[in-house]
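What follows is a short report on a single structure.
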Amino acid sequence: MTLKIFTACLGTETHTRGPLPTDTQAFEETYLVRGGNHPEAINMFGVPLVIWRDRARARGWEVIESLCTFATPSGLVIKKTHETYRDEIVTDLKAAMPVDAVMLSLHGAMVAEGYDDCEGDLVHHIRSVVGPDIPIGVEFDLHCHISRQFIDEITALVIYKEYPHTDFAARAEELWTIMEATLNGKCAPHIAVHDCQMIGVFHTTRDPMSNFVDRMVELEKTDDVLSISLGHGFPWADVAEVGARVIVVTDNQPDLGRNLAKNLAHELWNMRDEITPQFLDMEKAINEAIVFEGRPVVLADMADNPGAGAAGDSMFIVSRLIEQGIKDVAVGGIWDPVAAQICCGAGEGAEFDLRLGGKTGPSSGRPLDLRVKVMKIRKDYYVESLGGSKGYMGDAALVHSDGVDFIVHSSRAQNTHPAFFTDFGVDVSIKKLLVVKSMQHFYGSYALISEKIIYTASPGCLIWDFTKFPYTKVARPVWPLDSSPGILNEKRPW
């Protein structure tokens, strides 16, 4: 039996109060492929489409791959941008009809002007084309929002289990297994959801979250359980569905799914204080890094993480280090297209005065005026990222100023791998401090080369105290905005 599978990808992660709008250029600059023409430097959100194409073709099935595009996380997506890309996917789907299944690689936290649930909007349009019976399978990033409308219109949902997101390829394989069995009539997926009523960020690299992930995996061995996921939610989005959800996909066993999801949600709730990471304020973090004898020490500048919607151009930490005369420092990186253009134009070896960073608003702080020397240039550059995928830095340069190395780049990119430094000739092993603009995706690779990692709550776009984030739409009650111990048993809209 020859089947036809339709695939697509449309995604970003939206900080609804981020300083930069997410426009068409943001998608084009980060990753945009049509018709399956993926480059060697493939984005992690494109990897599932390649996996599904290969699995389908191995079975002699036809694959129609539509748009695959992802934008570096930022502020609200421009309405026209979302609608244009959505309509392109829907138009391709109409041209491909009839199809036997639709498989989507999405993020889950894309918010546009007028669309708080972009994924729900896309799936609704797709469902209106394929009708009620064609299976739709979706893979999500774990920092996702999950609406009832979205769940009601899909067949199966699989979410990354790990943070950092090292398992996106494994989850794509998992979704394929479920969808293949569905198409062959061997299973009938049912999705159960339980709202954890929690807003937060939860690292799976340490207990008890690592044990929680192991427990989900172990429970997947239960008869009739196809997949278990935890959608952590993306806390810097003011939407009704923000927050953690447990997802259990069973083979047509609704009661089993609901009970498992509820039990896991209660387990998560009971360890909410333990799984909440601790961030040191900037002064304490810097002091702790300075007195530590080993090297390198990583200062994770979570507040200016481009991977969560910040600009990536704040100078708060660097300014303080320079004020204290701290040297042997590498900063990776500073998003500054103007400075990057100047440095690349001047060429390696050039020395001049440069105004660096601090360009996008109050959350970026003030710029620094420095005397710099251009040490290394890389143009149109892709750097190692999560799980062997690639991140786009654009035109980039290593510049040196009085004991401090800066990686300056024209395209916003999160630092997830030491290659962000080493590809430009920086010997990270001899540096006292590495300032890394990332929240957690850096951890897996940097833990292998660093003596100490300090999570730093510097000033910036990403407010860590969620009780101070100006939510207006979130469903209540929810922890930590509400502190009653009985929150999880209180009814709230979902």
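Every read-out reported here was derived from the displayed coordinates using simple, explicitly stated rules and does not represent laboratory data. This is a predicted model, so every value here is computed, not measured. Note: ideal-geometry Cβ built from the backbone for every residue, glycine included; neighbour counts use all protein chains shown.
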Selection from Val428, Gly403, Leu448 lying farthest towards where the dipole of the range 402-494 points positive, charges on Cβ: Leu448
Charge context of Asp238, other residues only, Cβ under 15 angstrom, K/R +1, D/E -1: -1
The chain: angle of helix 118-130 to the longest principal axis, Cα-based, in degrees nearest 10: 30 degrees
Which of Gly36, His143, Leu230, positive extreme of dipole for the range 4-275 (C-beta unit charges): Gly36
Reach of Lys94 by Cα under 19 Å, taken over aspartates and glutamates that are not fewer than 8 positions away in the same chain: Glu62, Glu65, Glu83, Glu119, Asp121, Asp133, Glu153
Within straight-line cross-link reach of Lys359, lysines at Cα separation under 29 Å, skipping those fewer than 8 residues along the same chain: Lys79, Lys80, Lys284, Lys327, Lys373, Lys376, Lys379, Lys390, Lys431, Lys432, Lys437, Lys468
Helical contribution to [θ] at 222 nm, DSSP H n ≥ 4, -39,500 (n - 2.57), averaged over the chain, rounded to 500: -8000 deg cm²/dmol
Nearest-20 debye value, the chain charge dipole, Cβ charges on Lys, Arg, Asp, Glu: 340 debye
Backbone HN-Hα couplings from phi across the range 288-302 [Karplus 6.51/-1.76/1.60, Hz, Gly and Pro as x]: 5, 5, 5, 7, 5, 7, x, 8, x, 9, 9, 9, 7, 8, 5
5 angstrom amide H check on Thr72, placed H, neighbours 5+ away: Thr30
Fewest-first ranking of Ser319, Ser147, Ser438, using other Cβ atoms within 10 Å as the exposure measure: Ser319, Ser147, Ser438
Antiparallel bridge percentage (DSSP; both residues within the chain; nearest 5): 45 percent
Integer Hz, Karplus 6.51/-1.76/1.60 couplings in order for the range 97-108, x for Gly and Pro: 4, x, 10, 9, 6, 10, 10, 10, 9, 10, 8, x
For the chain, with +1 on Lys and Arg beta carbons and -1 on Asp and Glu, the positive-most of Gly357, Phe27, Gly243 along the dipole: Gly357
Calculated FRET efficiency for the pair Lys379/Asp214, C-beta based, R₀ 51 Å, to 0.05: 0.70
Base-10 log of normalised Debye intensity for the range 280-463 (one unit scatterer per alpha-carbon) at q = 0.08, 0.10, 0.12, 0.15 Å⁻¹: -0.20, -0.32, -0.47, -0.77
0 to 90° range, to nearest 10: angle between helix 47-58 axis and the chain longest Cα axis: 40 degrees
Amide H within-cut-off set for Gln197, under 5 Å, with H built and near neighbours excluded: Ala244
Neighbour-count order for Thr24, Thr91, Thr30, Thr14, fewest beta carbons within 10 angstrom listed first: Thr91, Thr24, Thr30, Thr14
Likely footprinting exposure, Glu13, Glu293, Glu283, fewest C-beta neighbours within 10 Å first: Glu293, Glu283, Glu13
3J(HN,Hα) from dihedral phi, the range 256-273, Karplus parametrisation 6.51/-1.76/1.60, rounded to Hz, x for glycine, proline: 4, x, 4, 5, 4, 4, 5, 4, 5, 4, 5, 4, 5, 4, 5, 10, 4, 6
